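Structure record follows, encoded as structure tokens.
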Amino acid sequence: MKMKSMSLLRQLLLSLSLALLGILAGTLALNLSGARSYLSEQLQSQSENAITALALSLSQPASQDPAMQELLMSALFDTGQFESVRMLSPEGVLVFERQQAASSAAAQVPGWFQRLMPVPRAHSERTVSNGWNQLGRVAVTVDNQVAQQVLWHSSLKMTALIVGAGLAWACFVGLLLRWFKRVLKDSVESEVMRIGADEVDAAVQVPQVPELAGVATAIHDARSRVQKKDRAQRDRIESLELETNSDALTQLPNRKYFVNELKKALQMGGQTHGHVLLIRLRDLQALNSTRPREQVDEWLHGIAQQLREQLRTRGLQQVQIARLNGSDFAVLFPQMTGMSVMQEVQQLRQLLQSLRLRLDDGQWSRNAFSLTAYTDGDHIGDVLSRLDQGLMQAESAGHGEVEYAEPSVAGHTIHQPGEGQWQTMLGQALQHADRLSVAVQAATYASLVDTRVLHEAGLELHEAGGKTMGAALFLPAAVRLGLSAEYDLKAVQLGLQWLALQPKHHLVVRISQPSLEQGDFLERLSAQLQAKGWCEVLPQLTLELDAFALEVAPLKALQFCEVVTQAGAGVGLRRLDQAPKALVQLPKLQLQYVKLGGLFAEQAMANMGGRHLLEAMMSTAQDQHASVLITDAVPSNAADWLRFKGASLLVMAG
């Protein structure tokens, strides 16, 4: 097992601790040695003094008596300071001896200490003489046990002092380690950790330890260099990302980037919700063919800048706008509810309306809008398919309003085929007579004077698998692919066939505005209506046109009305309330009826201006002997007023 290496700071403090321990141990040894030498000298001095005094006392004439000598030596021994006292005659015969037994002091000192630090016994001898006569020799040995005990107690105190100093040093070392680590963390580690941080380059912070000033300066310089390199690298990465993910002309994100962002928005789990807006500049191709390319590019760049500025000024930083291709722009509204999104979408629509260019035929360039919502569980293909379908419906309607594509029907996501599949499917349907039919639905309108029933025809496409697709799903694709005229003519043909079987009914067939712009449509329509066999049912046929056609193509609309009326059929106008500018064209037309929405009629009753506009529409139509049909239910008070003004209200549908 690999041992963890010791830090340099710990090694330094450990070496200092060992050195201090050696110094304290050496000091203890020297102090004990000195104390032992001092005690030994004191004992030797004591023995010298005692033997000198005893020899002097025994040399006195009065102390020549053996009893007196014994008394003097016994008195000296009884002081307890001597281990033994003895006297020998000149011949070496022992005259007197007193020896102390083992004292209690010896038992208080451990034997190992006595062996380690022995205190030598102080022994002294003197010759006792009376004048020139030698009386003998006396010897004393000082008891060293007391000195040994003093030395032991002194060693205990010094050891306790050293241990206390060691513990204090250990605490100090611990505190020093913690303080030094904090200093390193504050002065070095924190600076090192901030090397890669996105912070403004500040001045060098003076460390608490002067020795770290050079280190702090070096770290600061390294951090400055790393930040400069990091900024340069990030700028390079951003530049590459812009080149990869942005449109070269408008500098907006491109389709690849937008699709990735939409995928991220769809993968947020329970927080997945929002809206996507698709914008198409419908006449970009025509502008490119009639205007200088630089002027069109400048116009597109200005549109992008205006859209971006609009979102910024309204505080919608989270909203993302992108250019998908030449004429298509997309706006992603993540986690925004329907009401707030519609407000922003209307603001963008009004902005784009103000940026339109005039075409060579005098008309303004057109925009188409498609909006859809997404929630958790949606797939990106379904969202884009719904947007594509909504855009086709917007192009088919031609009114410039925002078409909302429903996310689901009956809880199931609608799967829409792609453009290639549409081309194949719609082309095959025109080639096979059994693929198309009309579904007829009756609508009953009642006024104060009469009741009329209109049978409204809608095309149905029968797929190869046996499924039936309504006109609302495939006609927008037909408009987009330039097949709207073919399908409108097919609808008229099937409508005439139906009338031949139901001659007493009145049939309404809708004609789309894009069909009018196709060169030979009116000629083919005229030929179809004037063909043999239909003259008896033509009075029962009404071809219904969207009022928006009178705004964008008034000449074509007038020609259409002339062709239809000359053939013997009638013309109806729908959604006049959504194209108020078409009102000026009504006196030029021979119409059977005009249709107004119930919501418009209801809202018009709430203010004077709206009511005046409604009255103007109704009176203008009635002056041309055209009926006014209200296509939706309205409140009773509005219904009474409308009937009083001569309008017919929808009372039954289906």
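The values are calculated or read from the model by the stated rules, or taken from the named source; none is laboratory data. For clarity, every value in this text was computed on a predicted model and none was experimentally measured. Cβ sites come from the backbone with ideal geometry, for glycine too, and all protein chains shown count toward neighbours.
Brief remarks follow.
- From L529, L525, L496, L489, residue being more than 58 Å from the chain's Cα centre (by Cα) and closer than 18 Å to D434 by Cβ: L496
- Filtering the range 488-520 to residues that are crowded, with 22+ Cβ neighbours inside 10 Å and free of Cβ contacts under 8 Å to residues at least 40 places away in the same chain leaves D488, S515.
- Which listed residue is surrounded by fewer than 16 Cβ atoms within 10 Å (Cβ to Cβ), in contact (Cβ under 8 Å) with a residue 40 or more places away in the chain, in contact with a Lys or Arg (Cβ under 9 Å, 6 or more places away or on another chain) and assigned by TED's automatic domain parsing to the domain that holds L287, from N367, N325: N325
- Sole residue being at pLDDT below 95, in a helix (DSSP H, G or I), in contact with a Leu (Cβ under 8 Å, 6 or more places away or on another chain) and not charged (D, E, K, R), chosen from A472, A527, A478: A478
- Output for the range 433-466, where each listed residue is in a helix (DSSP H, G or I) and in contact (Cβ under 8 Å) with a residue 12 or more places away in the chain: D434, R435
- Residue in the range 336-344 that is hydroxyl-bearing (S, T, Y), more than 28 Å from A553 (Cβ to Cβ) and surrounded by 20 or more Cβ atoms within 10 Å (Cβ to Cβ) present: no
- Members of the range 308-345 found to be within 15 Å of F369 (Cβ to Cβ) and in a strand (DSSP E or B), listed by number: I321, D328, F329, A330, V331, L332, F333
- The C-beta contact set for the range 159-179 (first residue more than 14 Å from S17 (Cβ to Cβ), second residue part of a helix (DSSP H, G or I), distance under 8 angstrom, 6+ apart or interchain) comprises T159/L28.
- Options T290, T250, T313, T272; residue that is hydroxyl-bearing (S, T, Y), touching a residue at least 12 places away in the same chain (Cβ under 8 Å) and out of contact with any Asp or Glu (no Cβ under 8 Å at 6 or more places or on another chain): T250
- Restricting the range 566-610 to residues that are of a type in the set (D, E, K, R), assigned to a helix (DSSP H, G or I) and within 51 Å of the chain's Cα centre (by Cα), the residue that is surrounded by the most Cβ atoms within 10 Å (Cβ to Cβ): D577
- In the range 393-426, the residue that is modelled with the highest pLDDT out of those that are among the acidic types (D, E) and within 30 Å of A582 (Cα to Cα) is E403.
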